[in-house]
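Have a look at the structure below before the remarks.
The values are calculated or read from the model by the stated rules, or taken from the named source; none is laboratory data. What you see is a predicted model; the values in this text were computed from it and never measured. Cβ placement follows ideal geometry from the backbone for every residue including glycine, while neighbour counts extend to all protein chains displayed.
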């Protein structure tokens, strides 16, 4: 409108009409087709021979699309075509605002044509659009389409390739003689396929940054198309400079040591993608704003790589209080500094609130209700010991003490040190970690979940647990908070020395000994396998599939399986953990409480821990917000699993099943918050209330 009205200009009827039409056009583009504009002239007393123009705009109701009708579509159903038109929403659709906007309709029509092209109808086009109003004022949009003929690939030849032979290029392209002609498939197989299977990646990973592949149609015979793919390989490019920008808290060496793109090496697209993933997995930067720029110097045959990052909060604070029933009020205070700097402790200028920037992790946590329960934990991790190789060092320790009203007590302390290293075989996604753990448990009339294989309660005595733990992990997820692709695998073996085999047969048979005598020095071998897969199905929906299996074995059948280091399946993984029940692993299971699993109860009905469990989960996730300062997603799940008291009873097909849904919110300062509601298929109950359980997640995602 400003193009037609100038302050101090001459007002004519033509000027007013043009300004009114500009206003109408603006509202029509928003879907208000019945907009009315009236112009009123008001004398301006502040100036001689001047008037003010007042435009009275009545938008009226937004005109809605009652239906979209397709004519001429014989190969694709109309419902499918309507589903492709995301912006051209019909009035009949629930939870969608119907409106008529020409630009959005044009975009949706192009989506329909693109879909036809994928099916081989490369000549498909809209030949006529018809629009009319119904008596209620709504619109009917009729789209006439000419599908044309369906085409197929015939002969594909290559020209200009010298680095890779034709057989190799054909194998990567993966398009066979007689396949439906799909221009989109051809383009992605030639360059920048998401799965890395394309000809471009083959060349770019070998330094051929200037590579080009142009498919030319050399013949169209009937419904078949012959292609000639003309290759320009060009010279190899090497990396000149690698720069990092935007890291105002994290020291540059912390980022640079994660990069796979080094000056002097050949350019590699895959190594850039891997470097991007490594930076994101540090957890210090906003993944949505991570930028990569590759300015090229064709004369020198070099390329610079610029990484631009944006810092985000990575430290976490846990401050909570809860009512623990007869235990009273329980308070928790914990801090995790995930980008700590030990070498700058003496430099007060680097404190914010503690020295940071070197990528070290320091965690301190205390929980108590004063009289009955105390828990203290501290851990420190240096991910690059020595600063030259990705060898990590972790030091950790904790002390838990719990007292009962009747005088029973449990105290446990543990110290551990572990060394980890990144492997190059089978590939460099693997990490190996070896840890040494020293643990002491002191029980005094403790009526807990510790039982021997023959059902004897372990309630008194001192028990020493000296173990070595070897873990092999492979991680290829693209983002740590809300992964959409990749996987995590972990296999661990924790074991002690076979003390009973060294000592020989005891004078008193094991079954006649007290638990204190039998298990003064714990002996066992404990196996854990955990796996997670992430796949983006469609739109933003992500499928997570996971499996967990744990087995505790014995060296000496006469001695039996250790009453400690077992598993307890069921519950939310929080309520039965917050009071310091150490000595066994707590595995959550949505939809079931601990007592819903038979193996978790002894003949008296008391809860026990079991040496074997498995758990399988399918979880469909939908992100509401992927903002790193507040990541929110909804999910629905199917879950199955069970627990067993001995290996002879183990049956992976005998599982308890559940389904449900929930919400997760990740806040950098507080960790994971959320809830789940699960319904157990295989638990006794006549009503939904009996079958369902509601769980709250606070601070971390339980196992």
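Residues that are part of a strand (DSSP E or B), assigned by TED's automatic domain parsing to the domain that holds residue 610, free of Cβ contacts under 8 Å to residues at least 60 places away in the same chain and over 30 Å from residue 627 (Cα atoms): does region 481-491 have at least one? Yes. Counting only strands (runs of 3 or more DSSP E) that sit completely within region 562-665, those holding 3 or more residues that are in contact with a strand residue (DSSP E or B) (Cβ under 9 Å, 6 or more places away or on another chain), within 22 Å of residue 404 (Cα to Cα) and touching a residue at least 12 places away in the same chain (Cβ under 8 Å) correspond to 584-587. Using beta carbons and a limit of 8 Å, which pairs, at least six apart or on different chains, have the first residue in region 15-43 and assigned by TED's automatic domain parsing to the domain that holds residue 134 and touching a residue at least 24 places away in the same chain (Cβ under 8 Å) and the second one surrounded by 13 or more Cβ atoms within 10 Å (Cβ to Cβ) and assigned to a helix (DSSP H, G or I)? Close Cβ pairs satisfying both conditions: none exist.
For region 424-460, a residue qualifies if it is within 30 Å of the chain's Cα centre (by Cα) and modelled with pLDDT of 90 or more, and the qualifying residues are 430, 431, 432, 433, 434, 435. Taken together, 260, 269 contain a single residue that is buried (at least 18 other Cβ atoms within 10 Å of the Cβ), touching a helix residue (DSSP H, G or I) at 6+ places or on another chain (Cβ under 6 Å) and more than 14 Å from residue 163 (Cβ to Cβ), which is 269.
Checked against (1) outside any loop (DSSP other than H, G, I, E, B); (2) surrounded by fewer than 17 Cβ atoms within 10 Å (Cβ to Cβ); (3) touching a residue at least 60 places away in the same chain (Cβ under 8 Å), residue 494 passes all but a single condition, namely (2). Got at least one residue in region 206-219 being assigned to a loop (DSSP other than H, G, I, E, B), over 35 Å from the mean Cα position of the chain (by Cα) and under 30 Å from residue 76 (Cβ atoms)? No.
Among the residues of region 228-281, those identified as over 20 Å from residue 391 (Cα atoms) and either free of Cβ contacts under 8 Å to residues at least 24 places away in the same chain or in a helix (DSSP H, G or I) (or both) are 269, 270, 271, 272, 273, 276. Checked against the criteria, residue 76 counts as surrounded by 12 or more Cβ atoms within 10 Å (Cβ to Cβ), modelled with pLDDT of 80 or more and in a loop (DSSP other than H, G, I, E, B). Candidates are the residues of region 438-454 that are touching a residue at least 40 places away in the same chain (Cβ under 8 Å) and assigned to a strand (DSSP E or B); the one that is surrounded by the fewest Cβ atoms within 10 Å (Cβ to Cβ) is 451. If I filter region 245-252 for residues that are within 30 Å of residue 121 (Cβ to Cβ) and either in contact with a helix residue (DSSP H, G or I) (Cβ under 8 Å, 6 or more places away or on another chain) or surrounded by 19 or more Cβ atoms within 10 Å (Cβ to Cβ) (or both), do I get at least one hit? Within region 245-252, not a single residue is within 30 Å of residue 121 (Cβ to Cβ) and either in contact with a helix residue (DSSP H, G or I) (Cβ under 8 Å, 6 or more places away or on another chain) or surrounded by 19 or more Cβ atoms within 10 Å (Cβ to Cβ) (or both). When region 172-182 is filtered for residues that are exposed (fewer than 14 other Cβ atoms within 10 Å of the Cβ) and within 32 Å of the chain's Cα centre (by Cα), only 174 remains. Count of region 282-297 residues, restricted to those that are within 16 Å of the chain's Cα centre (by Cα) and either closer than 18 Å to residue 427 by Cα or not in a loop (DSSP other than H, G, I, E, B) (or both), is 3.
Annotation: of all residues in region 550-568 being modelled with pLDDT of 90 or more and farther than 20 Å from residue 520 by Cβ, the one that is surrounded by the most Cβ atoms within 10 Å (Cβ to Cβ) is 567.
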